[in-house]
Each structure stands twice: as structure tokens, then as C-alpha cells.
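K.L.:
Below: one structure in C-alpha cells.
The values are calculated or read from the model by the stated rules, or taken from the named source; none is laboratory data. None of these values were measured; they are calculated from a predicted model. We place every Cβ from the backbone using ideal geometry, glycine too, and count neighbours over all the protein chains shown.
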Amino acid sequence: MSSSDSLNPDAYYVTKSGFKKLEEDLAELKNQRPAIAESLRVAMQDKDFRENAPLDAARDAQAHLEAKIRNIESQIRTAVIISADDKGKSAHIGSKIKLLNIEKKSEHSFELVTPSEVDPKNGKISIESPVGLAASNKNVGDQIAVKTPSGEVEFKIIEITN
């Protein structure tokens with residue numbers, strides 16, 4: 001998203017892959033409903049509801065599951081899918097960037113994603129992270145400065161794939 005784009009504060013911004021994962025997570029959670037319903041049924045067979053730990057646990061599990069389902073359904077309902085295809089050559093959500101650490105001459109590759117999609121093990125960093133903020137709306141060849149705990153690090157953007 002460019003700085004001139006206006007963001008809807010009620011929208012849930014997500015990449016295509018992030019939206020697909022939301023749909024998969026929702027389906028998986030909904031598939032857990034029958035097992036929890038069965039746990040409730042079994043626990044209710046004990047007619048003493050005052051001190052029925054299995055019933056309390058099943059109700060807690062059901063409430064937790066339903067809260068997760070409602071949360072994901074809300075995210076899907078308000079989702080704005082961010083497409084990298086039509087954003088040109090600058091770095092933005094959905095872009096894969098390759099940076100050169102100017103001092104150390106080392107290369108680092110990242111995909112810029114929304115905060116909810118962060119997965120450092122797979123190279124997905126938030127657009128709101130120090131690197132994401134510095135690279136946002138920049139182009140190949142641009143130099144960026146990233147503040148780290150040990151000081152400022154200079155990078156050159158050597159590749160952007162949208």
C-alpha cells in the first residue's frame with residue numbers, strides 16, 4: 001500500500017496467501033466442533049453438574065473454539081486482500097525483497113506481510129517492523145537505514161519481486 005492509500009481502520013488487511021490460511025484455519029476449527037460436542041454429551045451423562053470437571057473442561061473448550069471461529073470469521077468478513085500484482089516496482093505488503101548489508105556485504109531476503117502473517121522462520125516479516133518500515137515504498141537501488149539495538153545498519157535494495 002502506498003502512503004497515499006487511505007486505510008480503512010475497520011478492515012483486516014491480508015495477503016492472498018494469508019487469506020487462504022484464514023480459510024483453512026476456519027475449516028479446521030469447524031471440523032473440531034463434533035468432537036467437542038461429543039465431549040459435552042459424555043460429560044453431561046454425569047448428572048452432578050456442581051462438581052463435574054470434565055463438563056467444565058468441555059464447556060471451556062467449546063467457548064474457546066467458538067471464540068476462535070468468530071474471530072476468524074470476522075477477519076474474513078472484513079478482509080481486504082492486498083495484491084502485489086498491481087503495485088508497480090516499489091516494496092509493499094506482499095513484496096519479496098532482497099537486501100544487501102552494505103557494511104558486511106551479506107544478502108538477506110524477506111517477504112513483507114501484515115503483522116498477523118509474520119513468520120520469521122519462513123522469511124516473512126511485518127511491514128511494520130524496522131526493516132519493513134524502512135523498505136516500504138522504496139525501489140531497487142535505494143539505500144535504507146534500519147535502526148537496530150546495536151546501531152543503525154545500512155542496506156541497499158537489490159531486488160523486489162511483486
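K.L.:
Can you pull out every residue in region 103-144 that is small (Gly, Ala, Ser), surrounded by fewer than 16 Cβ atoms within 10 Å (Cβ to Cβ) and closer than 30 Å to residue 11 by Cα? Even if it seems obvious, please write down each step before you answer.
P.N.:
Taking region 103-144 first, the residues small (Gly, Ala, Ser) are 106, 109, 116, 123, 126, 129, 132, 134-136, 141.
Subset that is surrounded by fewer than 16 Cβ atoms within 10 Å (Cβ to Cβ): 106, 109, 116, 123, 141.
Of everything in region 103-144, those that are small (Gly, Ala, Ser), surrounded by fewer than 16 Cβ atoms within 10 Å (Cβ to Cβ) and closer than 30 Å to residue 11 by Cα turn out to be 109, 116, 123.
K.L.:
While we're here: Do you know which residues across region 46-79 are under 18 Å from residue 29 (Cβ atoms), of a type in the set (D, E, K, R) and more than 18 Å from the chain's Cα centre (by Cα)?
P.N.:
Result: 59, 60, 66.
K.L.:
When you go through (1) farther than 20 Å from residue 16 by Cβ; (2) of a type in the set (S, T, N, Q); (3) in contact (Cβ under 8 Å) with a residue 12 or more places away in the chain one by one for residue 78, which number turns out not to apply?
P.N.:
Unmet for residue 78, out of (1) farther than 20 Å from residue 16 by Cβ; (2) of a type in the set (S, T, N, Q); (3) in contact (Cβ under 8 Å) with a residue 12 or more places away in the chain: (1).
K.L.:
With the structure loaded, tell me whether residue 101 is modelled with pLDDT under 95 and more than 26 Å from residue 21 (Cβ to Cβ) or whether it fails that test. Steps first, answer last, please.
P.N.:
Values: modelled with pLDDT under 95: no; more than 26 Å from residue 21 (Cβ to Cβ): yes.
So residue 101 fails the test.
K.L.:
Would you check which residues across region 18-59 are polar (S, T, N, Q) and at pLDDT below 85 and list them?
P.N.:
Once the filter is applied, which keeps residues that are polar (S, T, N, Q) and at pLDDT below 85, region 18-59 yields only 52.
K.L.:
State yes or no: is residue 133 modelled with pLDDT of 90 or more and either over 30 Å from residue 33 (Cα atoms) or in contact with a Gly (Cβ under 6 Å, 6 or more places away or on another chain) (or both)? Quick ask: steps written out before the conclusion?
P.N.:
Details: modelled with pLDDT of 90 or more: yes; either over 30 Å from residue 33 (Cα atoms) or in contact with a Gly (Cβ under 6 Å, 6 or more places away or on another chain) (or both): yes.
Yes, satisfied.
K.L.:
Would you mind finding the one in 121, 105 that is at negative phi and basic (Lys, Arg)? Let's see the steps before the verdict.
P.N.:
Values: 105 fails: at negative phi.
That would be 121, the only listed residue that is at negative phi and basic (Lys, Arg).
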